[in-house]
Amino acid sequence: MKIKESMNHISVIFKRELKGYFSVPVAYLFLIFFLLLLGFFTFNVSRFFESGHAGLEGFFQWHPWVFLALIPAVAMRLWAEERRMGTIELILTFPVSLFDIILGKFLAAWAFIGIALLLTFPMPLTAMYLGSPDVGAMLGGYLGSFLMAGAFLSVGIMTSAMTQNQAVSFILAIGVNFFFVLAGHAPVTAAISGWAPVWFVDMVSGLSFTAHFMSLARGVLDLRDILYYISVIFFMLLANSVILQNRRAA
């Protein structure tokens, strides 16, 4: 019964938050900007048509960088706006589990990003029209992109709980996510391998959003990659809960 009640609370919050996204023009501007950015990088930088290859590697490789720039903009208002308007104190007095509120807000924002990804459907259709791409790799790429978006978002919702200033939340989220994006890149591992033990270098490489995403985008459905993103999301949402619990106690 308690689980059912919790699910009902999450559902109500989810619907309210998701509806709120589409009640303001900023959401539609985000969707347009997201699609334009991915389209520009795919066709103008990766030269999709000129490559002579019908795969979506040149499309998926830009997702971490577009997410890095745009997802913090979605997440920064989730708690910072509540704190700025003073409504967070009211929310924290609701007879609802704090984690239910956090999860409802997070799932609504994640669904919004999912809608943005769904709107890129012309890309796989174009690839299939031009040739015979690896469907498994395309599905893995979209799964990885959605999971990675959730990880980016969970960082953003945590930083949003830390401050009432949306700009500060945005910058903090970019900084933390930038570390996760670069963690597995050769320049970073090379820089720390000179002084750090091998296990530490491997640990830092294992934190990379990009490495786990590109593995899935190659069509390699490794449970470890999926569990990694789920673990990051859970940890960040738990940190969000601790931050708000401390505020409630204060």
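The values are calculated or read from the model by the stated rules, or taken from the named source; none is laboratory data. From a predicted model like this one, the values you see are computed outputs, not experimental measurements. Backbone-built Cβ (ideal geometry, glycine too); neighbour counts: all protein chains shown.
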* Asked: Which of the residues that make up segment 194-208 are surrounded by fewer than 18 Cβ atoms within 10 Å (Cβ to Cβ) and not in a helix (DSSP H, G or I)?
  -> G194, W195, A196, P197, L207
* Just one of (1) within 23 Å of F235 (Cα to Cα); (2) modelled with pLDDT of 95 or more trips up A116, so point out which. => (1)
* Which numbered condition trips up T189, out of (1) among the hydroxyl-bearing types (S, T, Y); (2) modelled with pLDDT under 90; (3) under 29 Å from S241 (Cβ atoms)? -> (3)
* **Among (1) of a type outside the set (F, W, Y); (2) closer than 18 Å to I243 by Cα; (3) part of a helix (DSSP H, G or I) - the single one V96 does not satisfy** => (3)
* Structure fact -> Okay, helices (runs of 4 or more DSSP H) sitting entirely in segment 1-79 with 3 or more residues that are more than 24 Å from F121 (Cβ to Cβ), I get 2-21
* To do: Among residues belonging to segment 35-47 that are free of Cβ contacts under 8 Å to residues at least 24 places away in the same chain and among the hydrophobic types (A, V, I, L, M, F, W, C), point out the one that is farthest from R218 (Cα to Cα).
  => L36
* To do: Could you tell me which of the residues W65, W79 is of a type outside the set (K, R) and modelled with pLDDT of 90 or more?
  => W65
* Structure fact -> Filter segment 121-147 for residues that are over 22 Å from A211 (Cβ atoms) and either of a type in the set (S, T, N, Q) or within 15 Å of the chain's Cα centre (by Cα) (or both); the one that is modelled with the lowest pLDDT is S132
* To do: Would you tally the residues in segment 20-42 being modelled with pLDDT under 90 and of a type outside the set (G, A, S)?
  => 5
* Mind checking which residues of segment 136-172 are among the polar types (S, T, N, Q) and under 29 Å from V220 (Cβ atoms)? -> S145, S154
* Asked: Which of the following residues is buried (at least 21 other Cβ atoms within 10 Å of the Cβ), over 17 Å from S231 (Cβ atoms) and out of contact with any Lys or Arg (no Cβ under 8 Å at 6 or more places or on another chain): A173, A149, A191?
  -> A173
* To do: Identify all residues within segment 148-166 that are at pLDDT 90 or above and among the aliphatic types (A, V, I, L, M); write none if there are none.
  => M148, A149, A151, L153, V155, I157, M158
